[in-house]
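The next block holds one structure in the form of structure tokens; read it before the comments.
Each reported figure results from applying straightforward, stated rules to the coordinates on display, with no laboratory input. Just so we're clear, the structure is a prediction, and the values are computed from it rather than from any experiment. Ideal geometry is used to build each Cβ from the backbone, glycine not excepted, and the neighbour counts take in all protein chains shown.
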Amino acid sequence: MQTVAITGANRGIGLEFARYYQSQGAKVYALCRSSNAELESLGVNVITGAEVTTDQGLDVIAQGLAGAELDILICNAGILRDEQLGSLNIETIKQQFEVNTLAPLLIVERLESQLKSGAKVAMITSRMGSIEDNTSGGRYGYRMSKAALNAASKSLSHDLRLNNVSVGIYHPGYVQTDMVGGRGDISADVAATRIANLIAQLSLQNTGVFYHSNGQQLPW
């Protein structure tokens with residue numbers, strides 16, 4: 001039986017990851033700030049109070065997963081804000097770095113000793129973090145925080161290789177979630193299933209590669 005931990009698991013793609021891995025017979029730890037009826041109905045191990053930007057929240061995660069040997073760690077929690085040139089909001093830019101970049105890195109560091117040999121870390125990023133793919137500008141905080149997450153994930157792919165742990169870097173697609181006001185061209189369950197299939201194919205041979213959930217390799 002696989003053991004899977006997922007951050008931001010109370011809604012959107014995170015909830016669908018929890019649903020998917022539960023259906024596959026995995027032992028699922030669903031980490032979130034607060035739970036809800038839909039998550040509770042899955043029968044997974046729900047850990048609330050997992051505020052990824054605070055030391056207390058990181059302690060909650062570490063305590064909730066104490067003793068667990070992880071096969072898959074999915075760093076999914078993220079936020080999207082909108083800053084445009086001429087109306088930059090430094091506070092929202094900082095918030096996005098804290099949630100989207102620093103939190104996943106700190107979580108991996110906290111849980112490194114619990115990643116089994118052969119384990120897999122999945123970083124849920126965005127193609128908006130691709131510098132080459134940026135054709136429209138704007139979204140400064142989100143773009144920068146996801147580009148920084150990609151850089152951190154690439155470094156992790158080298159450092160964790162020593163422990164026989166591989167790192168996947170995944171853009172889910174334009175997904176119909178609350179983050180984008182329900183807009184999008186694929187559902188959260190489709191995105192989660194696609195990424196779960198990519199995680200299944202993840203190994204030291206393709207660790208540290210930036211993928212679209214459809215399997216396309218994306219440019220940095």
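So what is the relative contact order of the chain, in percent, for Cα pairs below 8 Å that sit 6 or more residues apart?
Details: 446 pairs, mean separation 41.1, N = 220.
Computed value for the chain: 19 percent relative contact order.
Using +1 on the beta carbon of Lys and Arg, -1 on that of Asp and Glu, and nothing else charged, what's the dipole of the chain about the Cα centre, debye to 20? Write down the numbers at each step before the final one.
On the way: 17 positive and 20 negative charges, 75 e Å.
Result for the chain is approximately 360 debye, rounded to the nearest 20.
Number of Lys-Lys pairs in segment 1-152 with C-alpha atoms under 25 Å apart and a separation of 8 or more places or on different chains: 4. Specify which residue in the list 157, 10, 111 is farthest towards the positive end of the charge dipole of segment 3-212, using unit charges on the beta carbon of Lys, Arg (+1) and Asp, Glu (-1), about the Cα centre. With unit charges placed on the Cβ atoms, the residue in question is 157. Seen against the Cα atoms of the chain and their longest principal axis, helix 55-64 is set at about 30 degrees. For the pair residue 24 and residue 163 in one chain, pulling the backbone fully straight at 0.36 nm per residue adds 47.5 nm over the alpha carbon distance. Assuming charge only on the beta carbon of Lys and Arg (+1) and of Asp and Glu (-1), the dipole of segment 10-131 about its Cα centre is about 320 debye to the nearest 20. For the chain, the mean residue ellipticity at 222 nm estimated from helices alone is -10500 deg cm²/dmol, where every DSSP H run of n ≥ 4 contributes -39500 (n - 2.57) and the total is divided by all residues, rounded to the nearest 500.
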